[in-house]
1. Answer yes if at least one residue in region 112-121 is buried (at least 17 other Cβ atoms within 10 Å of the Cβ), aliphatic (A, V, I, L, M) and under 15 Å from the mean Cα position of the chain (by Cα), and no otherwise.
2. Of all residues in region 44-58, which are among the hydrophobic types (A, V, I, L, M, F, W, C) and surrounded by 14 or more Cβ atoms within 10 Å (Cβ to Cβ)?
3. Yes or no: region 13-24 includes at least one residue that is at pLDDT 60 or above and more than 26 Å from GLY104 (Cβ to Cβ).
Amino acid sequence: MALEYRVGILAALIIAGGIATAAISHAHEGHDLGIKVQIPLILTPVEKAGKEVYDAKCAACHGKKMEGTHKGPSLIPYDRAHHPDGYIARAIRYGSKQHHWNFGDMAPVEGITEEEIGNIITYVREIQAFNAEL
Ligand code: HEC
């Protein structure tokens with residue numbers, strides 16, 4: 001009886017632990033909006049140039065496909081109507097204080113030219129538009 005009782009408690013603890021772990025890992029993924037992003041196979045030369053800089057300077061936090069990571073938000077829902085191009089340029093040049101999300105602040109991106117910023121914006125808008133059509 002006492003043994004069964006203990007086994008019962010142990011089983012309950014294991015189940016509770018499993019649920020807690022699942023809840024924690026779920027919360028961790030909570031930043032990932034579960035967005036499945038497709039990158040078009042054909043890109044214009046400017047979009048390609050933008051992709052190169054994006055992959056090197058933004059993907060680590062915003063995701064290889066702009067799907068977001070635990071270090072930064074997805075850029076896919078960052079639509080032009082609410083967030084004009086100037087917002088993207090400003091975030092790159094001056095960083096962004098935490099406001100919409102809870103990822104912390106974005107630091108200014110160092111060593112990037114105005115031309116590269118323009119190319120990234122073109123690329124981001126293309127990926128947003130492409131995925132809006134899907
Ligand atoms: C070290 C991580 C990191 C890198 C690298 C990074 N970002 Fe961010 N970015 C963030 C975080 C964190 C936020 C959210 C800050 C906030 O709440 O506004 C953010 C926010 C943004 C926003 C939204 C700003 C706003 O006004 O709401 C844009 C646009 C953006 N990033 C673009 C970029 C681009 C483009 C690059 C590459 C040139 C880049 N980021 C590189 C972490 C990063």
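1. Checking region 112-121: not a single residue is buried (at least 17 other Cβ atoms within 10 Å of the Cβ), aliphatic (A, V, I, L, M) and under 15 Å from the mean Cα position of the chain (by Cα).
2. Here is the first cut: in region 44-58, the residues among the hydrophobic types (A, V, I, L, M, F, W, C) are 46, 49, 53, 56, 58.
Hits for region 44-58 are VAL46, ALA49, VAL53, CYS58.
3. In the first step, residues of region 13-24 are kept if they are at pLDDT 60 or above; the result is none.
Within region 13-24, not a single residue is at pLDDT 60 or above and more than 26 Å from GLY104 (Cβ to Cβ).
Here is a yes/no grid of residues against (1) in contact with a strand residue (DSSP E or B) (Cβ under 9 Å, 6 or more places away or on another chain); (2) of a type in the set (A, V, I, L, M, F, W, C); (3) surrounded by fewer than 17 Cβ atoms within 10 Å (Cβ to Cβ):
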position	(1), (2), (3)
LYS64	no, no, yes
ALA81	no, yes, yes
PRO84	no, no, yes
ALA91	yes, yes, no
SER96	yes, no, no
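The values are calculated or read from the model by the stated rules, or taken from the named source; none is laboratory data. Computed from a predicted model, the values in this text were never measured in an experiment. Note: ideal-geometry Cβ built from the backbone for every residue, glycine included; neighbour counts use all protein chains shown.
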